[in-house]
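Reading through the structure tokens given below for one structure.
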Amino acid sequence: KEMTSPIKNKNPFLVFSLSFVIIDFWVHYLLRLNPLRRSYDYIICDRYFTDMLVILSYLDYLPKNLFKFCAEIIPKPNLQVILQLDPNKARSKHHTLEYYKGEHELYNQLTGKNVIKIDVSQSQDKVLKQVFKVLNETNH
């Protein structure tokens, strides 16, 4: 089976739906995640709102020049751990190197004191130790 990149947006009018996406993020946060935050010490998400912004931006539904702005106005986690792998080392049956490079570039734009990036080209044990270290440091 041939590797392909996802189909990018060719309709500039679909960008206008972005405001609905941001509103949907906030509604989801207020109705689902925020009540959980009051009940639990930790909420671990495999994907967060920023991951959706990366995908929307890569597919050209979110203009690249608005990516950082949108990342600032969506709900923020207390801690965001981004597991990074050099796009040249990523292997997949479904996506091209161009896809991985594009997403990697967007994730590199995410910065802040609550954004921790961990290189996963190391052994699984080292990565896991780093993740637990970050969790322990932010818990105090």
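The values are calculated or read from the model by the stated rules, or taken from the named source; none is laboratory data. Nothing here was measured: the structure is a model prediction, and the numbers come from that model. All Cβ positions, even for glycine, are placed from backbone atoms using ideal geometry, and neighbour counts span all protein chains on display. Ligands, DNA and RNA are excluded from the accessible area calculation, which covers all protein heavy atoms including side chains. Shrake-Rupley method; radii C 1.70, N 1.55, O 1.52, S 1.80 Å.
What the table shows:
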read-out: Contacts under 8 angstrom Cβ, first residue in segment 49-61 being open to solvent by 30 Å² or more (accessible area, probe 1.4 Å), partner assigned to a helix (DSSP H, G or I) and not aliphatic (A, V, I, L, M), 6 or more apart; value: 52/25; 55/103; 61/17
read-out: Residues (of a type in the set (Val, Ile, Thr), touching a helix residue (DSSP H, G or I) at 6+ places or on another chain (Cβ under 7 Å) and not in a loop (DSSP other than H, G, I, E, B)) located in segment 65-124; value: 73, 81, 82, 116, 118
read-out: Residue within segment 4-11 that is modelled with pLDDT of 90 or more, surrounded by 10 or more Cβ atoms within 10 Å (Cβ to Cβ) and not acidic (Asp, Glu) present; value: no
read-out: Which numbered condition residue 29 fails, given (1) open to solvent by 40 Å² or more (accessible area, probe 1.4 Å); (2) at pLDDT 90 or above; value: (1)
read-out: One residue from 65, 136, 114, 78 being touching a residue at least 40 places away in the same chain (Cβ under 8 Å) and surrounded by fewer than 17 Cβ atoms within 10 Å (Cβ to Cβ); value: 78
read-out: Pairs, first over 13 Å from residue 76 (Cα atoms) in segment 21-47, second among the β-branched types (Val, Ile, Thr), C-beta under 8 Å, six or more apart; value: 36/43
read-out: Any hit, segment 53-60, residues being assigned to a helix (DSSP H, G or I), within 20 Å of residue 25 (Cα to Cα) and out of contact with any helix residue (DSSP H, G or I) (no Cβ under 9 Å at 6 or more places or on another chain); value: no
